[in-house]
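A.B. asks: Pasting a structure below so you can have a look.
The values are calculated or read from the model by the stated rules, or taken from the named source; none is laboratory data. Because the structure is predicted, anything quoted here is derived from the model rather than measured. Here the Cβ is made from the backbone with ideal geometry for all residues, glycine too, and neighbour counts use every protein chain on show. To get the accessible areas, we keep the full protein, side chains included, count just its heavy atoms, and leave off ligands, DNA and RNA. Shrake-Rupley method; radii C 1.70, N 1.55, O 1.52, S 1.80 Å.
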Amino acid sequence: MDSYPSASALIASAWTRLEGPPVDRSLWLDAIGDALDTGLPPQEEAERAVARLAALALALPEEPPVVRESALHAICTASTRYRFPFALVEPLAAGADRFEPVLLVYVLGILADTHDAAALPVVERYLSHPEAEVRREAADAVRELEWAWDRDRAV
């Protein structure tokens, strides 16, 4: 069996297993991130998974942070293999204020990975956040977005 169907099958299987206790849900979300990290699923499939992961992270404020963190971590992991448009992760930008600082750093990294100037105003809002880790991640995200913008203008 070749790797692409295996990665896709793992993602499909993981979605069906998110009904268990939080630890199990977290592990299945990690499995989705691992499958996306292979870079084997096609862009369209990765985008469907990221849209679903983002919706899950936003829809679960009552969930333990470990479950929401696993969903956001899976998106961050996928962002190392795929380039996602800002529109795909814009719901995370719109809901960023709903995340605890430890989860907000994931959102800022995800927004930076879009390399889309539309993410810049959202990220800049967090440069004066009370938490130092959030401020650092916001500053890193601003640098990455500005670098990408400068690079794209030079091309």
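A.B. asks: Give me the percent of the accessible area of the chain that comes from carbon and sulfur atoms, probe 1.4 Å, all protein chains in place.
C.D. replies: The C+S portion of the solvent-accessible surface of the chain is 56 percent.
A.B. asks: Count the net charge of all other residues whose Cβ sits under 10 Å from the Cβ of Leu104, scoring Lys and Arg as +1 and Asp and Glu as -1. Present the calculation step by step, with values, prior to reporting the outcome.
C.D. replies: On the way: positive: Arg98; negative: Asp97, Glu100, Glu131, Glu133, Glu137.
So the surrounding residues net to -4.
A.B. asks: Longest segment of the chain with no GluC sites (Glu not before Pro) in a DSSP loop having at most 12 other Cβ atoms within 10 Å? Spell out each step's value before the answer.
C.D. replies: On the way: sites that count: Glu19, Glu62.
Counting only loop sites that pass the neighbour cut-off, the longest clear stretch is 63-155.
A.B. asks: May I pose another question? May I ask you to evaluate 6.51 cos²θ - 1.76 cosθ + 1.60, the Karplus curve with θ = phi - 60°, for each residue of segment 22-32 and list the ³J(HN,Hα) values in order in whole Hz, giving x for glycine and proline?
C.D. replies: x, 4, 5, 4, 4, 5, 5, 5, 4, 5, 4
A.B. asks: Can you tally the net charge around His73? Count Lys and Arg as +1, Asp and Glu as -1, for every other residue whose Cβ sits under 11 Å from the Cβ of His73.
C.D. replies: Values: positive: Arg68; negative: Asp30, Asp34, Asp37, Glu69.
Result for the neighbourhood of His73: -3.
A.B. asks: So how tilted is helix 43-59 from the main axis of the chain? Cα-based, degrees 0 to 90, rounded to 10.
C.D. replies: Approximately 80 degrees, to the nearest ten.
A.B. asks: Ok, one more. Ignoring the sites themselves, what is the longest stretch of the chain with no trypsin sites (Lys or Arg not before Pro) in a DSSP loop and at most 16 other beta-carbon atoms within 10 Å?
C.D. replies: Working: sites that count: Arg17, Arg81, Arg83.
It runs 84-155.
A.B. asks: Separate question: Where does helix 65-79 land angle-wise versus the long Cα axis of the chain, in degrees 0 to 90, nearest 10?
C.D. replies: Helix 65-79 sits roughly 80 degrees off the main axis of the chain.
A.B. asks: Please work out the Cα center distance from segment 27-59 to segment 93-135, rounded to the nearest Å.
C.D. replies: So the two Cα centres are separated by 20 Å.
A.B. asks: Consider the candidate values (i) 11, 42, 37, 9, 1, 0; (ii) 12, 40, 34, 13, 2, 0; (iii) 10, 39, 38, 12, 1, 0; state which one is P(r) over Cα pairs in 10 Å bins from 0, in percent computed from the structure displayed.
C.D. replies: The calculated read-out lines up with (ii).
A.B. asks: Still on this structure, please answer the following. At 1.4 Å probe size, with every protein chain present, just tell me what the per residue accessible area of segment 7-153 comes to in Å².
C.D. replies: Values: 7000 Å² over 147 residues.
Per residue, segment 7-153 has an accessible area of 48 Å².
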